[in-house]
Every structure is written in C-alpha cells, then in structure tokens.
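Reading through the structure tokens given below for one structure.
The values are calculated or read from the model by the stated rules, or taken from the named source; none is laboratory data. This is a predicted model, so every value here is computed, not measured. Virtual Cβ from ideal backbone geometry, glycine too; neighbours counted across all protein chains shown.
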Amino acid sequence: MKHIPRRRFGQNFLIDAGVIDAIVAAIAPQRGDKLVEIGPGLGALTAPLLARLDHLRVIEIDRDLIARLQRRYPAERLSIHEGDALRFDFAALGHDLRLAGNLPYNISTPLLFHLADYAEHIRDMHFMLQKEVVERMVATPGDGDFGRLSVMLQYRFHLEWLLDVPPESFDPPPKVQSAVVRLIPRPAADLSAKNPRRFAQIVQIAFAQRRKMLRNTLKGILDEAAFAALGIPPTLRPEDLPAEDYVRIANFLEG
C-alpha cells in the first residue's frame, strides 16, 4: 500500500538515487559505527546505510512507517525508537554517535538546537535541510543571514555545506531548495564560554531585535564602559559580531 505523506510530520521522501549515493558516500559508514537515522521515512537512506553497517538505530514518529520498517528489517539489524526527535534523549544511546537524516523542515531549527545539547555524545551529523537554513548556519558576520542559529551552531560545531538538492529529488517535491550539511562537534578545549547558559542567553537577547544597535539590544546588560572595556563598538548590530565576541561578552558578565 502506498504511503500518503503526512503534512503535519513534514514528510517529503527522498527518491533521487544519485543524491542518496552522495549522502551515503559523505557519511562513509563503517561496520561498527553507532549510527542513528532521524526520520527514516520510506527507507531511502536506511537501506544503503544498513548495507554498510552491522546495526542501525532509527527515530520515527509515524506509526505506519514504523510498521513498514518492522516488516522489512529484523530487530537484530534495525532498532526503532518511536517518538519525536525533538524530545528524544540522545544521551541514552551512549557516546560516539553518528547522526544522519532528511530532517522535517518544519522542525529543523529547534531540532538543531536540541541536538547541540548532546554534542558531547556525538562524533558527527549529516543532515538534509532546507537550503535557507543551511545558508543561515554557515553565514559569516555581517551577512543578512547571520543570526542566532549561526552563532550557536558555529560556536559548537565545525560546519560544512556538502551539496545542493533540487525539489524534484523528493516525493512530493517541497516548495523550497534543499542542501546537505555536515556538523562535527568542536573539542571541549575550543569551548571557552564560562557559563554556556549565559552565553546562549546573551545571543538570544541580542538577536531578539537584530536590526537595532547593540547599545539598545543589550541595554541594561552592558553599559558604555563595558563596551569600551570589551573593545566592541556599541553602534554595531547583532549580526556584525562573530561567535567569539558573544563568548567574550558572556565571560565578561561572569566576572
């Protein structure tokens, strides 16, 4: 029976064999890897990944798709975790995780923030995303696309834009362009924020009014003397500061 894509789950199934091969080649799975696929759908990536792995874990929310996967693959080859990836405890799967998937575009940004909380458990991640999201992820300071997502992910990960994917590579075709990106967690020694929560809070406050100058967005947090001590012009806008400057602000406030 043909599965009808569910809009509420953001289902667009990858059907382009060339793109599938390129993604699997980028992941380069090895037999014993602890690989987790988020949103396997109809199994376009699942099958070629399993051909290279001893065991694969998948996270799927759609019970009809889960039933299909259970009929197709034995439990000793495929572990299925039913539920919402946004609420999934990835730490429960251990360390050295490799994550992959064609992420539902309607939840991709909050899901990336969720996964960043588990970075210490992750070796790497390879995701299909809306191209616009990838543009924001890899944007540089001063770009119009540079924002909270850019700062938070660039602080925590090395990012690499791998390939673009047109709408016709999916069924049904989405109304947007897509792209594949690689994220590799930065080593703990590179993470210099004394208080990661304070750092995240400062970034969120700054970009809540991204078109205003920092002296306005951070009013009540940094005064003119603090800006001078940090060597940051208060007339800059949030999109002008690289991640390391937000770390310096957060550390300054920690004392």
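In region 218-240, the residues that are over 22 Å from Asp145 (Cβ atoms) form Cβ pairs under 8 Å with partners that are surrounded by fewer than 15 Cβ atoms within 10 Å (Cβ to Cβ) and charged (D, E, K, R), at six or more places apart or across chains, as follows: Pro234/Glu224.
The requirement of being modelled with pLDDT of 95 or more, loosely packed, with under 11 Cβ neighbours inside 10 Å and of a type outside the set (Val, Ile, Thr) is satisfied by Ala51. All conditions but one from (1) crowded, with 20+ Cβ neighbours inside 10 Å; (2) of a type outside the set (S, T, N, Q); (3) under 30 Å from Leu45 (Cα atoms); (4) touching a helix residue (DSSP H, G or I) at 6+ places or on another chain (Cβ under 8 Å) apply to Pro173; the one that does not is (1).
Among residues of region 55-73 that are under 13 Å from Glu37 (Cα atoms) and modelled with pLDDT of 90 or more, none has a beta-carbon under 6 Å from a residue that is buried (at least 21 other Cβ atoms within 10 Å of the Cβ) and among the hydroxyl-bearing types (Ser, Thr, Tyr) at least six positions away or on a different chain. Answer yes or no as to whether Thr235 is farther than 18 Å from Gln201 by Cβ and polar (S, T, N, Q). Considered against the rule, which asks whether it is farther than 18 Å from Gln201 by Cβ and polar (S, T, N, Q), Thr235 comes out as yes.
A single member of Arg197, Arg248, Arg215, Arg211 is loosely packed, with under 15 Cβ neighbours inside 10 Å and assigned to a helix (DSSP H, G or I), and it is Arg197.
Taking Leu14 as the residue in question, decide whether it is over 20 Å from Ile184 (Cα atoms), in contact with a His (Cβ under 7 Å, 6 or more places away or on another chain), at pLDDT below 95 and in the same structural domain as Gly147 (by TED's automatic domain parsing). The answer is no for Leu14. Taking region 85-189 as the region of interest, the helices (runs of 4 or more DSSP H) fully inside it that hold 1 or more residues being of a type in the set (Ser, Thr, Tyr) and closer than 29 Å to Ala17 by Cβ are 108-116.
Taking the condition within 16 Å of Asp164 (Cβ to Cβ), touching a Lys or Arg at 6+ places or on another chain (Cβ under 9 Å) and surrounded by fewer than 17 Cβ atoms within 10 Å (Cβ to Cβ), does Asp145 pass? Against the criterion (within 16 Å of Asp164 (Cβ to Cβ), touching a Lys or Arg at 6+ places or on another chain (Cβ under 9 Å) and surrounded by fewer than 17 Cβ atoms within 10 Å (Cβ to Cβ)), Asp145 qualifies.
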